Each structure stands twice: as C-alpha cells, then as structure tokens.
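Accompanying notes for the structure given below.
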Amino acid sequence: MAAARLRSAAAVAIATAIPTAAARPPLLRLPALLPVPGAARLRLSSCRIPPPRGAAAAMSSLSSATAEHEAGAWYAVPGLSLREHRFAVPLDHSSPDEGAAITVFAREVVAAGKEEASLPYLLYLQGGPGFESPRPMEAGGWLKKACEDHRVVLLDQRGTGLSTPLTASSLSQITSPAKQVEYLKHFRADNIVKDAEFIRIRLVPDAKPWTVLGQSYGGFCAVTYLSFAPEGLKSVLLTGGLPPLGEPCTAQTVYRACFKMVQQQNEKYYKRYPQDIQVIHEIVRYLSESEGGGVLLPSGGRLTPKMLQCLGLAGLGSGGGFERLHYLLERVWDPVLVPGAKRSISYYFLKEFDMWLGFDQNPLYALLHESIYCEGSSSRWSAEKIRSEYESLFDPIKATEEGRPVYFTGEMVFPCMFDEIHALRDLKEAAHLLAEKEDWPPLYDVSKLNNNKVPVAAAIYYEDMYVNFNIAKETASQIAGIRLWVTNEYMHSGIRDGGSHVFEHLMGLLNGKKPLF
C-alpha cells in the first residue's frame, strides 16, 4: 500500500535498502496486452488456486507451451548475479481459456558465485499498490542478507515495472471508463497471488513451497496468499504489512485511525521545524489568491492548498522524511532579483512537488488504493469522507487564517487528485466507477487464517503512519502461530532504513534463534 515509487521519490513505504540507479528511474513500458505466439487464446488452467498442480504436470505444461516462460542469461552487478524471467499469464485467472494474456516479470537474484547452488527460494512482494520491485545496483541491505541463504525473486506485480505496466498512456488504449474498470479489477492482491503461484510452479524445482517477504501492501498480498494458497508457502515474513480484516470494506476504519496518526506526525514535525508554520501559511495564501486557486505545475497539473497538503504522504511517515520535507520547503520561493518584482513559487519546488507525488508515472496506486480494502462492498471515497470529520483540523485556508499549523495529509487518495493531476484527468470517470464498485471478490479467509499452519513472523512498527499499529495487532491475533516483533526503532520504511537487521530479526523468529519468551 503504501508503498514503491510513490514513496521512493521521497522514500517511504515502498522503500528498500537496495541502492538504485536514481531516485526515480523511468518506467519501462510494454504493450497493454501481450499476445501469446501461436495461439489465439491462452490455455493455462494450471494456475487456478487452490490447488497448484504437481511438479510433473507443471514441467509437462512448460515443455508443451514454451511461451509461458522465458528466462534470460545471468548477468552481474557488484556482489550479485541476476537473470530475468517473463511469464505469459491470463489477465483473468478465473477464465484462463478466454481473453487476453499479460506479461509478468520477475528478476532472480543470488549472491555472486551461487548461480548453480541449491538454495531455497524467497519471493519479495513490494509495497504499493502499483509499484514495481527494486532494481538492484549492488549487494546491500536486506537483499544481501537474504542472498546469503536464498535465491531471491523480485516480482514486478502485474501492472507495474515490466509486468504489462498500466500507465496513463497505456490505459488510454481502453476506450471507455467502464471497460477500464473491467480491466483494472484484475490487478488486486487476489490475482497477484495467482501470478505468484503460476511462477512458483514453473520456476522452483519440483514446485516446492517458497518463503515470501511482503513489505507494506506486499504484506497484504502475503496474507491473501496465506488465505487461498498456503500450500505454496514455506514461511512468510511481513514488514509493516498486516491488513485490516473483518468488514466488507475496511477503508473507513483504516482512514479514521490513520488521520489520528497523521495528526500526531504533523505535531511532531512542527515541533522540530516551527519556522515552517509561517512558510506554509505564505504558500497557502499565495496559492489561494492565485487565479483558479492554484498554480500550474510542470506536469500540466495544478498545485492548490489541498494538493500541497499531499506532501505529507511522502514526508511524514518514513525515516528522514521530516528532513526531506523541510529542505524542500527551503526552496519554495524564487529570489527577488529586481526590486518590486512579483514573488513567485520556484520552478525547483514545483518540479520536486511533481516528483514527490509520482501519480503521473504510477496511476495504478491512485486508481486502486481504496479498492484494496474492499470485499463485496464499495469504498465510496472513504478518505474524503473521513477527512470531512477532521475538516476543522485539515482545512488549509482556515488554519492559515487562524494562525494554526496547516496539517499535511497522509496515505490517502482524494477525488480532487483526478482534477489537479494532469495524468489522472482522463481516468477520473474510471476512478469514480471504481469507488462505487461493490462486487469485489474476497481477499482474505479469516477461518483459514485462524487455522494457519505456515510459520509467519511480522514486524509491527509502533509509529507506523500507513499501517496502523492497533489494526495490525488485531489482525495478527487472527493468524494462528504468528510471531510478532513490535518496535519503535523503525518507521514504515524499516526494510529500507535497517533492512539487514529487520530481515535477520524476522528470520530469527522463525528459525528458533529468537526465543518465544
């Protein structure tokens, strides 16, 4: 959920300890639909869950339909060897004999020199929804530690990275909002898990179970995995990724809890940087007095007081986020070079604002963010509704007029984003249809979780702004046998900020190195 490029721009939920080539690498694009060579329709019924087919059947299927899986040659970065895998999977796993196929991309990673070693597999599920897996530049952080004993698979979840990415431009190929919704409904955790099982059967020798490490929304997916395909799991590690359970739509519960935590983070931020109270007041006045109530962004969108508050998504909830936000605000104004010249917001600030949000490159996050909380019910813009309950605190213009700190918002998607963010405008009607959609399939099976047999270890961060601590604890109580590590040493970005320690601690909970009491 929270999670990958949206926050790697300002480094939050999706963040990992793996160095990247740049803070925001461009997305690589594939066609929206990938035809399967030599076949009008994809015939891969093996991917239904439950249960997966046995290894022999999987290998037979692979040999008869080589287009299902293509593996590249090994290549190297410092300390690691990597190879790329592409799988042709059904868009709709429930009807694999009909409709389109998409590409799902995964990168296999081992420590240098261990290419042929017999190692257990570990699947990494990134945060989001809608963000690709990390692009390793060298051995470091949790990945280096994991590769000591595992063969790691970095999965680009469907719709991200190289897995038939859904971008504003690729979605424009779908001619109506209703058809866009029909397509987008296949990009939640249930189908991500089915993709993972499809890959496991074809990639892991003898189709053995693997370990899954889920960060943030990747943890939500892992709990879906525990619910519907536990036979594919050897063990599960969760970092800030325990989803809410028990209601047809848990979004309002989540946002009500998160607004309280966001309020606390704002209070802490302004205690650290009280000078920024006045800076934000000046920006809000400038924007509200500008024509149309905002200023044009380099992306073609518009910066308004409400959009300004969205900086809290990346600035309030991660290690170092306060500092990045403060230093961004230092550069908000152009210098006045000529006496009497009109004051203006700097291009530097406007460009950085665009990059902090990142919705233009990853619209899937904005489109599906509330839908990840829905099972047989609609979200109906839950964050907007709960915000109205806190409007006296979060109204930027009123706070400025009264001399109070303007509070930033957190991990929430609001309808105004589809007006003010240029790349989302053509997806506005689809977003409204998704907000009203009620027939979402189940994501979790509480009875299965109550009788879970898969070893599970979870890091719960006490001051997590994105996955509420109390909700996470309640969910943990529903997963039989789970072992918890509750800590305030890290925020939601623990897998990035202390990945080696976090990974080692969770593995210790599973392998007996950390005693039960």
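Within the stretch 208-240, count every residue that is buried (at least 21 other Cβ atoms within 10 Å of the Cβ) and either at positive phi or among the charged types (D, E, K, R) (or both).
So the count comes out to 2.
I'm trying to understand the selection: among the residues of the stretch 127-142, which are out of contact with any Ser or Thr (no Cβ under 7 Å at 6 or more places or on another chain) and among the charged types (D, E, K, R)?
Scanning the stretch 127-142 gives a single hit, Glu138.
For every residue, the table says whether it meets (1) in a helix (DSSP H, G or I); (2) over 25 Å from Val295 (Cα atoms).
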site	(1), (2)
Phe349	yes, no
Gln361	no, no
Ser377	no, yes
Ala383	yes, no
Arg387	yes, no
Leu393	yes, no
Ile397	yes, no
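I'd like the full set of residues that are farther than 18 Å from Asp395 by Cβ, in contact (Cβ under 8 Å) with a residue 40 or more places away in the chain and open to solvent by 20 Å² or more (accessible area, probe 1.4 Å), limited to the stretch 301-324.
Arg302, Gly319, Gly320, Arg324 - these are the residues of the stretch 301-324 that are farther than 18 Å from Asp395 by Cβ, in contact (Cβ under 8 Å) with a residue 40 or more places away in the chain and open to solvent by 20 Å² or more (accessible area, probe 1.4 Å).
State yes or no: is Leu357 buried (at least 19 other Cβ atoms within 10 Å of the Cβ) and closer than 26 Å to Cys249 by Cβ?
yes
Give just the number: which of (1) touching a helix residue (DSSP H, G or I) at 6+ places or on another chain (Cβ under 7 Å); (2) surrounded by fewer than 21 Cβ atoms within 10 Å (Cβ to Cβ); (3) among the polar types (S, T, N, Q) does Ser392 not satisfy?
Just one mismatch for Ser392, condition (1).
Condition check ((1) more than 20 Å from the chain's Cα centre (by Cα); (2) in a helix (DSSP H, G or I)) across all residues:
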| site | (1), (2) |
| --- | --- |
| Leu226 | no, yes |
| Glu247 | yes, no |
| Thr253 | no, yes |
| Glu267 | yes, yes |
| Lys271 | yes, yes |
| Glu282 | yes, yes |
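For every residue, the table says whether it meets (1) at pLDDT below 95; (2) over 17 Å from the mean Cα position of the chain (by Cα); (3) part of a helix (DSSP H, G or I).
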{"position": "Ala366", "(1), (2), (3)": "no, no, yes"}
{"position": "Ile372", "(1), (2), (3)": "no, no, yes"}
{"position": "Arg380", "(1), (2), (3)": "no, yes, no"}
{"position": "Pro405", "(1), (2), (3)": "no, yes, no"}
{"position": "Val413", "(1), (2), (3)": "no, no, no"}
{"position": "Leu433", "(1), (2), (3)": "no, yes, yes"}
{"position": "Asn470", "(1), (2), (3)": "no, yes, yes"}
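Tell me which of these Phe394 doesn't satisfy, since it passes every other one: (1) aromatic (Phe, Trp, Tyr); (2) under 21 Å from the mean Cα position of the chain (by Cα); (3) within 15 Å of Tyr255 (Cα to Cα).
(2)
Look through Glu375, Glu352 and report the one residue that is among the acidic types (Asp, Glu) and within 29 Å of Pro274 (Cβ to Cβ).
Within the list Glu375, Glu352, the selection yields Glu352.
Let's see how each residue does on (1) touching a strand residue (DSSP E or B) at 6+ places or on another chain (Cβ under 8 Å); (2) under 20 Å from Ala106 (Cα atoms):
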position	(1), (2)
Lys145	no, yes
Pro165	no, yes
Leu184	no, no
Phe198	yes, yes
Val204	yes, yes
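For the stretch 171-199, enumerate the residues that are among the polar types (S, T, N, Q) and either crowded, with 18+ Cβ neighbours inside 10 Å or at pLDDT below 95 (or both).
Thr175, Gln180, Asn191
Which members of the stretch 415-431 meet the condition of being in a loop (DSSP other than H, G, I, E, B) and crowded, with 23+ Cβ neighbours inside 10 Å?
Once the filter is applied, which keeps residues that are in a loop (DSSP other than H, G, I, E, B) and crowded, with 23+ Cβ neighbours inside 10 Å, the stretch 415-431 yields only Ile421.
Restrict the check to the stretch 410-418 and report whether at least one residue is over 30 Å from Lys179 (Cβ atoms) and of a type outside the set (D, E, K, R).
Yes.
The values are calculated or read from the model by the stated rules, or taken from the named source; none is laboratory data. As the structure is a prediction and not an experimental result, all values here were calculated from the model. Backbone-built Cβ (ideal geometry, glycine too); neighbour counts: all protein chains shown. What goes into the accessible areas is simple: the full protein's heavy atoms, side chains included, and nothing from ligands, DNA or RNA. Shrake-Rupley method; radii C 1.70, N 1.55, O 1.52, S 1.80 Å.
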